[in-house]
Every structure is written in structure tokens, then in C-alpha cells.
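Contents: one structure, followed by commentary.
The values are calculated or read from the model by the stated rules, or taken from the named source; none is laboratory data. Worth saying up front: this structure is predicted, and the values here are computed from it rather than measured. Backbone-built Cβ (ideal geometry, glycine too); neighbour counts: all protein chains shown.
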Amino acid sequence: MDRREIAALLALIGRLDPRTIRTDKGEVADQLAQWHELLGDVPTATPYGWDALAAARQHIRTSPYPILPADIARPWESYRRDRLLRHSDPTPSVDPDDQAAWAKELAETRRAVAEGTLQPERARAIESGREEINPRLQARLDQVGSCIPPAARAALAPYRPARAAREAAVAQRLPDALSVRCAWCLAQPGDSCRRRRIGPDGGARGTAPCTPHPSRLDLAAAQQAQLTEQTQQPALA
């Protein structure tokens, strides 16, 4: 609040509680300076629920003591704290590699929520439907094509060969063997096939990752052909 808003607030308080009225010009100036010093960063009202005049009325109505600046500052701090506790930081729309811009947008969003100019962003529950995302995020995703940039994906390829081989197969429209369960080694979808290590006595000593078994490749090819046939039938109809 600026000095004019503080003066208007003191006028309302004086009308409701004459004990706070100052008649001497020096006392009036001191009171105005004191309240402005303590409440200069407190807004008169916000679009979402805060009203300093309402806080003053509430104190005068419920307390037998004359109102002080702290009686308005305390509700304001409670208002800010409650909004921040209900806020879940949404993903910034800037480039995540730009750490300064990322931190700046997070700080600006939190400040706007605390000051009452933006509603808190609640943590969203998992839903079955597809919901709209931030247009700026969608534009960024369309630009890079994936949440992992191509350069980072290429750099990670030597450290995850199974994933790299799977992505290469999908890019070439080949059957994705890891999308189905392996009937030979019982590897679940998404897991690499494993080769048993047999000891001299004929017992299994362990397993090691290996390339997809032929039966798994055949099953993936059959599943891909079935899906292709199902997608073509409506078009032919």
C-alpha cells in the first residue's frame, strides 16, 4: 500500500474505532509514516481473497484492543503462507537447459501466487483422459521431437545398447521384439532376453543379457502384422 492507501485505511479504522484517531498534525504524520513503514509491502486487495479493509474490520469486531499494523500484517503473512503450501510448482515453459531462465520462471510464479495475483497450481491426479498442455511446452516438444534431445539420445546410446537397438528398429518400422513377452526365456515386455550360463555339471550358473530370441522376433512380427491389418480395415471400409 502506498501512503494514500494507508491514509484511506486509517480513515476507515478511525470511523469504526475512534480510539485510533489522531488530532494533532504531528501525531497524524507519525502514525501515517509508521503504518506505511510496516505495511508498505502489503497490498490493499488482491484478485483472490485478500482484503486489508476486511482484515481491519475483523480485528475491530472481534478484539477489544486498538488495532495495530501487526494485526493486518499477520493475516497477510498467513494468507501468503497458505497459498504457497497449496501450490505445486508447474513445469516451466522455458528450455530446461537454460537454468537461469528456468529458476527465474519458477521464482516469478511463486511470487505471483504468494502475492495473490495468480491462483495456486495444485498437484494434478493421474487421469485416464488426455488433457491439454501448455502451448509453449507443446511448441518446444514439437521442435525437439522428444523429451530427450537427439544429441543427448546419441550420447547415451553406447551406455544403453538394448534401448538404442529398439529405437533403431522402431525408426525403420521393424518389429519391436521387446514389446512382447519372450516365450523362451520368459523375459517380460521391455526387458532384454537372457542367456543361461550352464556349469560343468549341467546346472544353471546364472543368466546374461543377449539379443532377442528368434521366437520373440517372430511373435513381435506377427503382432505388428495383426495391428497393421486392423488399422487398414476401417480405411478399406
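Side notes on the structure shown:
- Out of 57, 81, one residue alone is more than 25 Å from residue 11 (Cα to Cα), at pLDDT 90 or above, assigned to a helix (DSSP H, G or I) and in the same structural domain as residue 32 (by TED's automatic domain parsing). It is 81.
- Residue satisfying condition, being surrounded by 16 or more Cβ atoms within 10 Å (Cβ to Cβ) and not basic (Lys, Arg), within set 9, 38: 9
- Exclusive hit being closer than 23 Å to residue 7 by Cα and not in a helix (DSSP H, G or I), set 75, 92, 43: 43
- Candidates are the residues of region 144-198 that are over 33 Å from the mean Cα position of the chain (by Cα) and outside any loop (DSSP other than H, G, I, E, B); the one that is farthest from residue 216 (Cα to Cα) is 198.
- Only listed residue being part of a helix (DSSP H, G or I) and within 19 Å of residue 78 (Cα to Cα), chosen from 32, 38, 10: 38
- Odd one out for residue 40, checked against (1) under 17 Å from residue 115 (Cα atoms); (2) in contact with a Pro (Cβ under 8 Å, 6 or more places away or on another chain): (2)
- Subset of region 75-110 (residues that are basic (Lys, Arg), over 15 Å from the mean Cα position of the chain (by Cα) and surrounded by 13 or more Cβ atoms within 10 Å (Cβ to Cβ)): 80, 83
- The residues on offer are 220, 235, 208, and the sole one that is at pLDDT below 75, at negative phi and under 41 Å from the mean Cα position of the chain (by Cα) is 235.
- Unmet criterion (only one of (1) touching a residue at least 12 places away in the same chain (Cβ under 8 Å); (2) farther than 19 Å from residue 20 by Cβ) for residue 98: (1)
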